Amino acid sequence: MTIDQFNFAGKKAFVRVDFNVPLDENFNITDDTRMRAALPTLKKILADGGSVIIGSHLGRPKGPADKFSLKHILKHLEELLGVEVQFANDCMGEEAAVKAAALQPGEVLLLENLRFYAEEEGKPRGLAEDATDEEKAAAKKAVKESQKEFTKKLASYADCYVNDAFGTAHRAHASTALIAKYFDKDNKMFGYLMEKEVKAVDKVLNDIQRPFTAIMGGSKVSSKIEIIENLLNKVDNLIITGGMTYTFTKAMGGKIGKSICEDDKLDLALDLMKKAKAGAKIVHCEGNYKKKNNRYEVNASIIKEESIGKIRNIKKLTKKQEEMIAPTTAQQ
């Protein structure tokens, strides 16, 4: 089912978006690109005569916290949509259920940050640093069980499900993957943003023009293993940016200070470089990362080219190269 084929008239749609936008110290949005990207999908539903229940996350909270509340984006969302947007201050509370049930065609409800609940990500919280393996396993099992009820309740708010959160689509979270199981194939679909991005990726990977270079950012190597392995079979160069560059750097014996690193994935980083096909390169960009407005920004200074796990060369970037690379390395 595609979004253009679906008629939302009289339907309540749970729409998972990525409104993880940067905020300044006064909670003003400094870049609303992600919000604007979801507008075509939201407006299509409303134009059809449907109602919208919006689910999103903001930042990486470890529980309810005002600075990560989606209430800070409410006013701007209303301005973008041109309609009043209701707000539920707890995505699991009675208020959310009551407001979702009362939604009328053309109305919009924004749920509070889904990640205020550990069940959204499916990862246990509050474990002691010295927790035993048994305690960790028990906690993980418990949150996976409670995640089922969390997901079921989110799904109960709506008649259909729309995933338009391309930025988080790679994560098997409650609202991005598990919730889809509660809707049949005729009542779940991609939004316009997801649809566009999936088509773009498919075109790039299946209509390759060489030389073919891919740029990948993010903080964790572990969440991108399959993507990296798949790309290595297709690209001439794979440029790794963001926090995960430190895992590669440390794996090769480099010093990273207190920078983010997956110490249990060092062997994996080396293995990925060994899997690079002959002639292909894994290139990682290093620089000084600073957190600003809920994002990590980097001033790229050098790049290292890796081929089959060995350093090929180190060179200074030209000013033009810095300008080309820096915008792609702003990762949350």
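Here, each number is a calculation from the coordinates, and none is a lab measurement. Remember, it's a predicted structure, so these values are computed and weren't measured experimentally. Note: ideal-geometry Cβ built from the backbone for every residue, glycine included; neighbour counts use all protein chains shown.
Using the Karplus curve 6.51 cos²θ - 1.76 cosθ + 1.60 with θ = phi - 60°, work out ³J(HN,Hα) for each residue of the stretch 160-165 in order, rounded to whole Hz, and write x for Gly and Pro.
Coupling constants for the stretch 160-165: 8, 10, 10, 9, 10, 9 Hz.
Within the stretch 176-279, list the trypsin sites (Lys or Arg not before Pro) lying in a DSSP loop whose Cβ has at most 13 other Cβ atoms in a 10 Å radius. Write out the running numbers ahead of the final one.
On the way: sites: Lys181, Lys185, Lys188, Lys196, Lys199, Lys203, Lys220, Lys224, Lys234, Lys250, Lys255, Lys258, Lys265, Lys274, Lys275, Lys277; in loops: Lys220, Lys234, Lys255, Lys258, Lys275, Lys277.
Answer in residue order: Lys255, Lys258, Lys277.
Using the Karplus curve 6.51 cos²θ - 1.76 cosθ + 1.60 with θ = phi - 60°, what ³J(HN,Hα) values do you get for each residue of the stretch 7-23, in whole Hz, with x for Gly and Pro?
Here the 3J(HN,Hα) series is 9, 8, 3, x, 9, 9, 10, 8, 10, 8, 10, 10, 9, 7, 9, x, 10 Hz.
If I take R0 = 41 Å and measure r between the Cβ atoms of Asp186 and Leu74 in this structure, what FRET efficiency does the formula 1/(1 + (r/R0)^6) give, to the nearest 0.05? Working shown, then result.
Values: r = 32 Å, r/R0 = 0.78.
It comes to 0.80.
Provide the gained length on full extension for the span Asn233 to Asp4, in nm with one decimal, where the gain is 0.36 nm per separating residue minus the Cα-Cα distance. Before the final figure, lay out the partial values.
Working: separation 229, 0.36 × 229 = 82.44 nm, distance 3.40 nm.
Extending this stretch completely gives an extra 79.0 nm.
Going by the alpha-carbon gyration tensor, a ≥ b ≥ c the square roots of its eigenvalues, is the stretch 121-270 rounded (a/c under 1.5) or, if a/c is not under 1.5, prolate (a/b greater than b/c) versus oblate?
Oblate is the answer for the stretch 121-270, as a/c is 1.5 or above yet b/c matches or exceeds a/b.
In Å, what is the Rg of the alpha-carbon atoms in the stretch 32-129, and how long is Dmax?
Rg then Dmax for the stretch 32-129, in Å: 14.5, 51.
Long-range amide H contacts for Phe212: which residues qualify at under 5 Å (H placed 1.01 Å from N, peptide plane, sequence gap of 5 or more or a different chain)?
So Phe212 has HN proximity to Asp236, Asn237.
Which whole-Hz couplings ³J(HN,Hα) result when phi for each residue of the stretch 257-265 is put into the Karplus expression 6.51 cos²θ - 1.76 cosθ + 1.60, θ = phi - 60°, listed in order with x for Gly and Pro?
x, 9, 5, 4, 7, 9, 4, 7, 10
Within the stretch 101-155, which trypsin sites (Lys or Arg not before Pro) sit in a loop by DSSP and count at most 14 neighbouring Cβ atoms inside 10 Å? Walk me through the intermediate numbers first.
Details: sites: Arg115, Arg125, Lys136, Lys140, Lys141, Lys144, Lys148, Lys152, Lys153; in loops: Arg125.
Taking the stretch 101-155 and a limit of 14 other Cβ atoms within 10 Å, the loop trypsin sites (Lys or Arg not before Pro) found are Arg125.
Check cross-link reach from Lys152 to the aspartates and glutamates: straight Cα distance under 12 Å, and skip same-chain residues fewer than eight apart.
Candidates past the 8-residue exclusion: Glu119, Glu120.
Number of Lys-Lys pairs in the stretch 167-210 under 21 Å by Cα, sequence gap 8 or more or different chains? Walk me through the numbers on the way to the answer.
On the way: Lys185/Lys196; Lys185/Lys199; Lys188/Lys196; Lys188/Lys199.
Close lysine pairs under the 21 Å cut-off: 4.
As an exercise, use a Förster radius of 22 Å and the Cβ-Cβ distance of Ser259 and Ala128 to find the FRET efficiency, rounded to the nearest 0.05. Can you show the working numbers first?
Values: r = 25 Å, r/R0 = 1.13.
In this case the efficiency is close to 0.30.
Over the Cα atoms of the stretch 68-175, compute the convex hull volume and normalise it per residue, giving Å³. Kindly include the intermediate steps, with their values, before the conclusion.
On the way: hull volume 13.5 nm³, N = 108.
In the stretch 68-175, the Cα convex hull volume per residue is 125 Å³.
Where Rh denotes the Kirkwood radius from the mean inverse Cα pair distance, what is Rg over Rh for the stretch 152-235?
On the way: Rg = 15.5 Å, Rh = 14.8 Å.
Ratio of gyration radius to Kirkwood radius for the stretch 152-235: 1.04.
Distance cut-off 23 Å, Cα to Cα: go down the list Lys123/Lys153; Lys140/Lys250; Lys250/Lys274 and report the pairs above it. Each step should come with its number before you reach the end.
Details: Lys123/Lys153 18 Å; Lys140/Lys250 29 Å; Lys250/Lys274 16 Å.
Correct reply: Lys140/Lys250.
What is the sum of charges, Lys and Arg at +1 and Asp and Glu at -1, for the other residues whose Cβ falls under 15 Å from the Cβ of Ser223?
Values: positive: Arg60, Lys123, Arg171, Lys220, Lys224, Lys265; negative: Glu121, Glu226, Glu229, Glu262, Asp264.
That works out to +1.
Between Cys91 and residues 5 or more places away or on another chain, which pairs have amide H atoms under 5 Å apart, with H built 1.01 Å from N, and which residues are they?
Under 5 Å from the amide H of Cys91: Glu112.
Among the trypsin sites (Lys or Arg not before Pro) in the stretch 1-101, which ones are in a DSSP loop with at most 14 other Cβ atoms within 10 Å of the Cβ? Mind listing them? Provide the component values of the computation, followed by the final result.
Working: sites: Lys11, Lys12, Arg16, Arg34, Arg36, Lys43, Lys44, Lys62, Lys67, Lys71, Lys75, Lys99; in loops: Lys11, Lys62.
The qualifying sites are Lys62.
Jot down the radius of gyration and Dmax of the stretch 86-143, Cα atoms only, both in angstrom.
Here Rg and the maximum Cα pair distance are 16.4, 52 Å.
At a Förster radius of 22 Å, what calculated FRET efficiency corresponds to the Cβ-Cβ distance of Ala97 and Asp24, to the nearest 0.05? Could you put the intermediate results ahead of the total?
Working: r = 33 Å, r/R0 = 1.51.
That gives a FRET efficiency of 0.10.
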